[in-house]
Amino acid sequence: MPSFHLWPESRLRVARWALLSGWILLIAMLLLPGLTPWQPTPACDGLGWCRGNWGNDLFWNLGLPLVLLTIVVSHELWRRICPLSFVSQVFSALKLQRMVSGPKGKPRLVLVEPASWLGRHHIQLQWSLLLTGLSLRILVANSSALVLALLCLSALIGALVVGWAYGGKSWCQYFCPLGPVQTVITGPRGSLGTPAHLSGSTRTTQSMCRTVSAEGKDVSVCVACATPCIDIDSERSYWAHLTGKRGLNWAWYSYPGIVLAFYLLILATSAGTGVSAWTYLHDSFFTYDSRLQELVLQPMPAVGSLSIPRLVAIPAGLSLGAWGSVQLFGRLERLLERRLGSADPERSRGIAIHRTRLIATLVALNLFFFFKSNVFPVAGIAGERTLQFFVAALTAVWLFRSWSRDEGLYRRESTSESLRRQLTKVPGLDQALEGRQLADLSPLEVFTLAKALPVMSLQRARDVYQGVLKDLLRTGRISTASSMLQLDELRRNLNLEEQDHHAVVRQLAEEDQGLLTMDGLDQQRHTLRQDAAREALHQLMSMAGLEVLQPEELSARQREQLEQVRKSSGLDDGEWSTVLGEFGPHGAQEQDRLLERWQQLRRERGLALLLHREAESLPLLAPLARAMADRTSCLKDQLAERFASADLSMPTETDHAEGSLDEALDLLWQDPDPDTAGWVLLVDRQRGDGNGSRPLRQPRQGLPSSPFLESALRGERTEDMDELPILADSELFTDLPPSGLIQVAARGEVRRWAPGDTVFRRGDPCDGLGVVLHGQAVVHTADGQTVQLGGSKIFGEMAVIRNSPRSADLQAGEQGLQAFWLTTDAFDMLLHESRDFNHGVMKQLVEKIPTAGV
């Protein structure tokens, strides 16, 4: 498969100059018919209506079909050589683009904001321009060299002006009438396009904006003018815009109808010309001797008594064809959705839209080349049939390759690339690969390898998981809120649990809070602009022979170049300072960050001790104390490694409680684990004034939710909520964070016994353990001792832990007994799934005396 994105930028610059020269020559041929000696002398009237102008013929019958054919093969090739895209970058290359004042008065590049009118309605604008252009072609441009020349010149000037007014490929993304057509033809990826999400060896994917560095290498100059971007990863852009992109679905479904209506209208205009419809359609050009007013007002061939001027009939005909096509493919989409079933309605609808779009594209392309197959007239009928067969075969292969894909498969493949990069850091990888290369493994094999590696310790698995999550967040391929669900398979393969995910998210939040608070598109724009700025700084330092970048030591010329990089990067002051700091001298900045992080560790350690102390009087705080201890443990491990890398000694932690309970609860309310946040609301309710009042908490922006948190937010009281405070005070569950206790509560049930009822007898097989909720449990040991167990005390656990018969009798006390009961099977399941539950069991084995084991 040709890798068009790997073709050197220097070589494609030559191609762009050649195509631009051809565009200018075409305009000259249209305006000056006698310019080229090989074309016949046309007959033109005063308005420029000509017979025999080859420029007209070259544009409609050769140029435009070849452009569409190139896009069918690979959109990334055309978007790298498009002459109008090239023209739109002129002011950028000359450093003369429009700038506006930033927040602090510094000039910055102008970009189209996604929330602006243009950002929201550009598809409708581009599609309207396309329909206008097609109408003008039938009405005027087919016969007028002057009109076609003006259209071509207008496009050239438009690209130039937009390139001055807005950064990046704004002309291609928001104004070019062929922009949506390229999206429709490309689909997830062109027939010979490369999968950007699997191109881990290069940072300049597909048709991404780039330039040539001082070392002669291609480097990114992307300013994130559109995210997700078809030039960076067409398939990601495709899935992101499957639903919710204003006007795109209408444009997609209308395209086959527009193509059919266009050629039927051309055939209809042949009536009365004395030329057969097919010859009329396939002629290099057709002419009119009448003037403009006569042409556009001339009625279409009458149907019965109806006679409509062309000026009305042609736009109406195109619009009617578009509307009919939308209705047809809309019905097909609904039919496919019904056939896919309703087990997962959202997925069924996504697949139905995806497959309907594929069919619409296939129909549109084959319709176009059915009518316009005389691209190479010298080849005759055989050449036309060959081209039609080639297009049919190419689109069939494209359809076959794209049919079974869905967003989940794309996400899995994308995650596998991030996982592949992390696995290279795992020791013992060569033995596991048995001579194969990691780069040669399929996405499924990469996931299998992660699961099968025997040397994968818990910490190493967490490191791998953190690296994958960080990479996906940084590139905007995932959001914090959706990461729990989307990375479930990866956690299973790495033998990690949900609490490991929350721990990793906490670590990433400590490193860069913005990484978690931005949504996927904002994060992608942020990353693309930072990466482009890094590339430009590398290039600047290389040209200046610098190893360390210290702006105050640069020459005036170098400072001017540095300021130009800043303005063109689109970064705000904070982001620019962050990137610039990466190239500064090592030491001071890193030390400041480490000391700041240590202060945070010290504060959270003090809050953890505070929660542990307060839990003695309010047992409901015990799980939160464990959650805070988990936070500080993760942060401590991370900081210890960074202090060691910086050759610094880590200060001593605090050993006494600090801070306030409200401060601790506020911090845990923003914890990535939604169950921890829900537990905070549970504590708020218990600390209230008895009528359920609690502090008004800020929304958890960008953080995930859970059924427990949603229930707590609604103020619902469930049976589990009455059990949770007592379970939290039980010895067996002291090591469990909120999510662990919620899991325990979900696996158990409440049982009741009347006063004096027997719960079990000595020698009975063990079937579970209980935690006293209300009343008492009376234990009669084998040596005649009697022990009463009150609220939150546990009974029957040692028989379950040892898997042995009961060693004592147990009955309900004088007030009866209400207990939380956990069956042996549920106990074994928890033992298998939760490390924290394991810790509690081990503690019971160590601390419990045999006589208490019942």
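Worth a mention:
- Residue within region 203-210 that is touching a Phe, Trp or Tyr at 6+ places or on another chain (Cβ under 9 Å) and under 30 Å from residue 133 (Cα atoms) present: yes
- Test for residue 192: is it open to solvent by 40 Å² or more (accessible area, probe 1.4 Å) and more than 24 Å from residue 20 (Cα to Cα): yes
- Considering (1) touching a Phe, Trp or Tyr at 6+ places or on another chain (Cβ under 6 Å); (2) open to solvent by less than 30 Å² (accessible area, probe 1.4 Å); (3) over 19 Å from residue 661 (Cβ atoms); (4) not aliphatic (A, V, I, L, M), the lone condition that residue 751 does not fulfil carries the number (2).
- Selection of region 397-418 for residues being within 18 Å of residue 352 (Cα to Cα) and of a type in the set (Ser, Thr, Tyr) yields 402, 404, 410.
- Count of residues meeting criterion [in contact with a Gly (Cβ under 7 Å, 6 or more places away or on another chain) and farther than 25 Å from residue 529 by Cβ] in region 100-147: 5
- Residue 167 meets the conditions (1) surrounded by fewer than 21 Cβ atoms within 10 Å (Cβ to Cβ); (2) touching a strand residue (DSSP E or B) at 6+ places or on another chain (Cβ under 7 Å) in every case but one. The failed one is (1).
- Only listed residue being assigned to a helix (DSSP H, G or I), hydroxyl-bearing (Ser, Thr, Tyr), open to solvent by 50 Å² or more (accessible area, probe 1.4 Å) and under 26 Å from residue 369 (Cβ atoms), chosen from 135, 128: 128
- Breaking point among (1) of a type outside the set (Val, Ile, Thr); (2) over 14 Å from the mean Cα position of the chain (by Cα); (3) under 30 Å from residue 72 (Cβ atoms); (4) modelled with pLDDT under 80, for residue 476: (2)
- Yes/no for residue 817 being outside any helix (DSSP H, G or I), within 29 Å of residue 495 (Cα to Cα) and not aromatic (Phe, Trp, Tyr): no
- Among (1) of a type in the set (S, T, N, Q); (2) surrounded by fewer than 19 Cβ atoms within 10 Å (Cβ to Cβ); (3) at pLDDT 90 or above, the one test that residue 342 misses: (3)
Let's see how each residue does on (1) at pLDDT 75 or above; (2) among the hydroxyl-bearing types (Ser, Thr, Tyr); (3) open to solvent by 20 Å² or more (accessible area, probe 1.4 Å):
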site	(1), (2), (3)
547	no, no, yes
556	yes, no, yes
560	yes, no, yes
583	no, no, yes
587	no, no, no
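- Selection of region 142-162 for residues being crowded, with 23+ Cβ neighbours inside 10 Å, part of a helix (DSSP H, G or I) and out of contact with any Lys or Arg (no Cβ under 9 Å at 6 or more places or on another chain) yields 145, 149, 159.
- Put simply, of 617, 633 the only residue that is modelled with pLDDT of 80 or more, assigned to a loop (DSSP other than H, G, I, E, B) and under 30 Å from residue 732 (Cβ atoms) is 617.
- Lone unmet requirement of (1) at pLDDT 75 or above; (2) outside any helix (DSSP H, G or I); (3) open to solvent by 40 Å² or more (accessible area, probe 1.4 Å) for residue 496: (3)
- For region 372-393, a tally of residues being crowded, with 19+ Cβ neighbours inside 10 Å and in a helix (DSSP H, G or I) returns 3.
- Filter result for the condition that a residue is hydrophobic (A, V, I, L, M, F, W, C), outside any helix (DSSP H, G or I), open to solvent by less than 70 Å² (accessible area, probe 1.4 Å) and at pLDDT below 90, over 296, 275: 275
- Single match in 205, 211, 183 (criterion: in a loop (DSSP other than H, G, I, E, B) and either under 17 Å from residue 6 (Cβ atoms) or open to solvent by 10 Å² or more (accessible area, probe 1.4 Å) (or both)): 205
- Residue count for region 787-814, restricted to those that are in a strand (DSSP E or B) and touching a strand residue (DSSP E or B) at 6+ places or on another chain (Cβ under 6 Å): 10
- In this structure, residue 178 does not satisfy being within 35 Å of the chain's Cα centre (by Cα), at negative phi and either surrounded by fewer than 18 Cβ atoms within 10 Å (Cβ to Cβ) or aromatic (Phe, Trp, Tyr) (or both).
- From 705, 693, residue being open to solvent by 10 Å² or more (accessible area, probe 1.4 Å), out of contact with any helix residue (DSSP H, G or I) (no Cβ under 6 Å at 6 or more places or on another chain) and either at pLDDT below 85 or part of a loop (DSSP other than H, G, I, E, B) (or both): 693
- Of the residues in region 72-92, none is surrounded by fewer than 14 Cβ atoms within 10 Å (Cβ to Cβ), assigned to a helix (DSSP H, G or I) and either free of Cβ contacts under 8 Å to residues at least 40 places away in the same chain or not small (Gly, Ala, Ser) (or both).
- From 773, 736, 732, residue being assigned to a helix (DSSP H, G or I) and either open to solvent by 30 Å² or more (accessible area, probe 1.4 Å) or under 30 Å from residue 628 (Cβ atoms) (or both): 732
- When residue 25 is tested against (1) within 29 Å of residue 398 (Cβ to Cβ); (2) among the aliphatic types (A, V, I, L, M); (3) modelled with pLDDT of 85 or more, exactly one condition is not met: (1).
- Boolean, residue 783 is under 15 Å from residue 823 (Cα atoms), among the acidic types (Asp, Glu), more than 46 Å from the chain's Cα centre (by Cα) and surrounded by fewer than 22 Cβ atoms within 10 Å (Cβ to Cβ): no
- Within region 444-457, the residues that satisfy the criterion of being open to solvent by 30 Å² or more (accessible area, probe 1.4 Å) and modelled with pLDDT of 75 or more are 444, 445, 448.
The values are calculated or read from the model by the stated rules, or taken from the named source; none is laboratory data. Predicted model only: the values in this text are computed from it and were never measured. No Cβ is skipped: glycine too gets one built from the backbone with ideal geometry, and neighbour counts run over all protein chains shown. Keep in mind that these areas ignore ligands, DNA and RNA; they rest on the heavy atoms of the full protein, side chains included. Shrake-Rupley method; radii C 1.70, N 1.55, O 1.52, S 1.80 Å.
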